[in-house]
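I have placed the structure first, in the form of structure tokens, so that the comments after it can refer back to it.
The values are calculated or read from the model by the stated rules, or taken from the named source; none is laboratory data. Model, not experiment: these values are computed from the prediction. FYI the Cβ positions are ideal-geometry reconstructions off the backbone, even for glycines, and counts take in every protein chain you see.
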Amino acid sequence: MLSIFQRLLNRKRNPKDFAYSVFAEFGPKLRIDRDERLKAKFPRASSSDIAEWLRDFDDVEKSVWFAAEAGGSVHNSREELERFLQSRFGWLDGDGLRTAMFRIDYFAWHEGYHESPSTHLKNEEAEQAAS
């Protein structure tokens, strides 16, 4: 488990990773538009940076759903899931990666893919390696 100090350093070193965790927040903050949440949390980020992050985060969400449909960590090891995400989004390595991993398992459970996956993560990895 990372110490609070290490997590704060990670956030400063890689704000995009932390920004994904803000983008994907659950709870009452979900009612606030994602771009507004990001602007509030990262006041020094330019509008173009935030727009780019939002596009990238939409791509992360597609990969999160794909991994959830593959059964999450019930049918894949956590290492496989992390490798799957980091091969596409190398900047995911702290709070953002933990958030994406949580969302994969939450969506897999919520939608029932943990019991009956609709796809296979390994097939996607093989296709990506071939291209």
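Observations on the model:
- All conditions but one from (1) over 20 Å from Thr119 (Cα atoms); (2) touching a residue at least 40 places away in the same chain (Cβ under 8 Å) apply to Arg103; the one that does not is (1).
- Residue satisfying all of: in the stretch 44-68; over 18 Å from Phe18 (Cα atoms) and of a type in the set (A, V, I, L, M); surrounded by the most Cβ atoms within 10 Å (Cβ to Cβ) among these: Ala67
- Helices (runs of 4 or more DSSP H) (entirely within the stretch 34-131) containing at least 1 residues that are at pLDDT 90 or above and within 25 Å of Asn14 (Cβ to Cβ): 34-41, 47-69, 72-75, 78-88, 95-111
- Scope the stretch 99-123; condition surrounded by fewer than 16 Cβ atoms within 10 Å (Cβ to Cβ) and charged (D, E, K, R); matching residues: Glu111, Glu115, Lys122
- Test: residue in the stretch 69-90 that is under 13 Å from Ala24 (Cα atoms), within 13 Å of the chain's Cα centre (by Cα), surrounded by 15 or more Cβ atoms within 10 Å (Cβ to Cβ) and not hydroxyl-bearing (Ser, Thr, Tyr): no
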